[in-house]
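Read the figures in this text as sums done on the coordinates, not as results from a lab. No experiment lies behind these values; they were computed from the predicted model shown. All Cβ positions, glycine included, derive from the backbone under ideal geometry; neighbour counts span all protein chains shown.
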Amino acid sequence: MMTYGGGFWATVELLVALGGKSDPGVEPFKEDIEDWLEAVSNKVKLQLEREKIRENAKLVGCKARKESMDYRNNLNCSLSYPPVRTRLEMLMGSNVVRLTDRKYMLKLMSRIRQDYESQQKIRIEERKKNELTRTKKMILNRLIPVQEAPMELRKYPLFQLYLYCDAIIEEKRKRRIPKKARMTESLYRLLYPDEKNDEEVNEDDEEEIYMKTVYINGSPELVPMSPQEISDLKREQEAVKDIEDGYMLTQEEYDRLHYETEAVKELRETQTVEEMYAKAYEIVGILYSYVDEGRYKKAAEEKNAGDKNTEEGPVDTSATIGESEKRPETDV
């Protein structure tokens, strides 16, 4: 945006001078105003033309520079190059380079890294300052509220004044808000009858009392239930409802799907290690006894078979031969 200091102040003086004239029919300084406006318009046209010519020249120069520029030859990293020698002298204190000295090259590398880090810190601080300046301008232009500004900016006297003014404005705004008119209960019930019904239902639920029958001296009497009994009853009702809806299994169905013997249930209820081992031996010991009984039975059968064979003894072949000789011979 271009500003013309002389034209601005001349306009201000002219307006101030015209403000003192009270006669509406007279037009003072008419010729001077026309000459001044013509001069300003000519000056603006000349400046716009010059800027346009300057921009065209820049564009043409940039195009020619891009076409003729060779980036491979643009970098000059030789040690005899004056900027490189100046930087070496600034970092190492001398422009003498010892390429074969390892310590020198390591020192040069560390100095270059340190210089880069320091320059980076400077750039970061500069960006922080620029960001703070930008935030200040946005707050001054009322683009963002002062309440969203960082704490370091809120401490400025001008922004403290903004906060003070905002607090006063907020307080006045609250005072201007009309107070809510209190509605009578009868009119409220007429306007919102449904809410009354909901409240009555809630009150009925709250006032519901659970009773149980107790026999005293043989005669039944109704007695209010204790909170624990009420909670147990509600839990049972919920369980029955879940079973009816199919969300839960009955105890018989659960026992059929997840069968456990009484001995295993008693094992789960044991409290000490000794009881647990004793109960486990009672359960598993039967299986061991069956195995031992089968093994002992098999050994006893083998032993009985061996004893029977020893009692019968060897077979007498001579008796059989004598019996065959005593038989009478028959002629064929």
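Each residue of segment 264-273 was assigned a 3J(HN,Hα) from its phi angle through the Karplus expression (A = 6.51, B = -1.76, C = 1.60, θ = phi - 60°), giving 5, 5, 5, 4, 5, 8, 5, 10, 10, 5 Hz with x at Gly and Pro. Our summary gives segment 209-249 a relative contact order of 26 percent, counting only alpha carbon pairs under 8 angstrom and 6 or more residues apart. Shown in residue order for segment 39-47 are the 3J(HN,Hα) couplings computed by the Karplus curve 6.51 cos²θ - 1.76 cosθ + 1.60 at θ = phi - 60°: 5, 5, 5, 5, 5, 5, 4, 4, 5 Hz (x for Gly and Pro).
Around the amide H of Lys212, modelled in the peptide plane, lie the amide H atoms of Val223, Met225, all under 5 Å away and 5 or more residues distant in sequence or on another chain. Let a ≥ b ≥ c be the square roots of the eigenvalues of the Cα gyration tensor of segment 209-249; is it rounded (a/c under 1.5), or, if not, prolate (a/b larger than b/c) or oblate? Verdict is prolate for segment 209-249.
Label sites at Thr213 and Arg175, each approximated as a point 7 angstrom past Cα along Cα to Cβ, lie 7.3 nm apart. 3J(HN,Hα) along segment 146-161, derived from phi through the Karplus expression 6.51 cos²θ - 1.76 cosθ + 1.60 where θ = phi - 60°, amounts to 5, 5, 8, 6, x, 5, 5, 8, 5, 6, 5, x, 5, 6, 5, 5 Hz, with x in place of Gly and Pro.
With each label modelled as a point 7 angstrom along the Cα→C-beta vector, the Lys43-Lys107 pair spans 6.3 nm.
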